[in-house]
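The values are calculated or read from the model by the stated rules, or taken from the named source; none is laboratory data. Remember, predicted model here, so these are calculated numbers, not experimental data. Please note: Cβ atoms are built from the backbone with ideal geometry, for glycine as well, and neighbour counts cover all protein chains shown. Protein only, heavy atoms only, side chains kept; ligands, DNA and RNA dropped before computing areas. Shrake-Rupley method; radii C 1.70, N 1.55, O 1.52, S 1.80 Å.
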Amino acid sequence: QVQLVESGGGLVQPGGSLRLSCATSGSIFSFYYMGWYRQAPGNERELVARITINSRTTYADSVKGRFTISRDNAKNTVFLEMNSLKYEDTAVYYCNGRKGLDDYWGQGTQVTVSS
C-alpha cells in the first residue's frame, strides 16, 4: 500500500520559514512526479510546487522565489522549503504523488502564518 507521510507544519510568524517533508513508503522513483498542494478554508486545493522524476520543478506564481521543492532520493523524501511566509500561505498542505494513472495523497499538515 502506498503511503505518503507529511511532517513539518506548524505556526510561524509572517516572514518566517518552515520546511515540510513527505516520506514515501516505497521507492521515490516509482512516482513520475511528486508535489505539494494546499487548501485554505473555503478555497479549492491548489498546486504549490511539483518535481518530476527528472527533477524538473514547477511552482505556483504566488510562491515563486519564496518556496523551493527538492527531493532526497536516498531517503525517499520530498521537501518543501518555505521562506518569507505570508498570512495567505496559511493552509493545510498535502503531499501528492503520481504513479502511473493514480494519484496518492498524504494526510495533510497544517501551516499557520500568524503574528
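A few points about this structure:
- Neighbour net charge for residue 78 - beta-carbon separation under 13 angstrom, K R +1, D E -1: +2
- Student exercise, the range 25-104 dipole from Lys, Arg, Asp, Glu Cβ charges, in Debye to nearest 20: 220 debye
- Based on C-alpha pairs under 8 angstrom that are at least 6 apart in sequence, the range 1-57 has a relative contact order of 25 percent.
- P(r) weight above 23 Å for the chain, C-alpha pairs, percent: 22 percent
- Heavy-atom accessible area for residue 55, with the other protein chains in place and a 1.4 Å probe, reaches approximately 70 Å².
- Residue with peak Gaussian network fluctuation, the chain [Cα springs, cutoff 10 Å], from 56, 45, 71: 56
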